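Just so you know, all these numbers are worked out from the coordinates, no wet-lab data involved. Worth saying up front: this structure is predicted, and the values here are computed from it rather than measured. No Cβ is skipped: glycine too gets one built from the backbone with ideal geometry, and neighbour counts run over all protein chains shown.
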Amino acid sequence: LARAPAIPGRQTAALSSVALVSPEAFTPLLAAAFARELQRWRDDPAGLTALWLESAHPVGTPLSVHVAAGEKLEGRFAGLADDGALRLALAGGEERRIHAA
């Protein structure tokens, strides 16, 4: 919350530079927001996926994903699976579903 990491090629910002709330006050707000979104996902996963895709990278955007210690996949954003997994289109035509990275 206090500092943003420097990530080459990406703009980052610390929450402290944009929020008018202390980290101690922010924690319960963040937990409540996660609880609301988790309930929304349980109630209407397709609706939440559609909302997410409105703000996501456009389909076809190049992505790189670190999926395991030392393993990096590169491909293009192919959307989201029904369970919310990232669909990554690889150069050879294969599609990988990424559940966590």
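Between the Cα long axis of helix 45-55 and the first principal axis of the chain there is an angle of about 90°, rounded to the nearest 10. With springs only between Cα atoms under 10 Å apart, run a GNM on the chain and tell me which of A68, A50, A14 wobbles the most. Highest fluctuation among the options: A14. Between E95 and L90, the built amide H atoms are under 5 Å apart, and every one of these is 5 or more places off in sequence or on another chain.
Before rounding to the nearest 500, sum -39500 (n - 2.57) across all DSSP H runs of length at least 4 in the chain and divide by the residue total; then give [θ] at 222 nm in deg cm²/dmol. Intermediate values should be presented prior to the final figure.
Values: 2 runs with 32 residues, N = 101.
Computed mean residue ellipticity for the chain: -10500 deg cm²/dmol.
Between T61, T12, T49, the residue with the greatest mean-square fluctuation in the GNM of the chain (Cα pairs under 10 Å linked by springs) is T12. Between the helical axis of 23-43 and the longest alpha-carbon principal axis of the chain there is an angle of about 40 degrees.
For region 38-101, applying the loop criterion from DSSP together with a ceiling of 11 other beta carbons within 10 Å to the trypsin sites (Lys or Arg not before Pro) yields no site. Considering only P23, P58, P45, the mean-square fluctuation computed in a Gaussian network model of the chain, springs between alpha carbons under 10 angstrom, is largest for P23.
Computed over the alpha carbons of the chain, Rg followed by Dmax gives 16.4, 48 Å.
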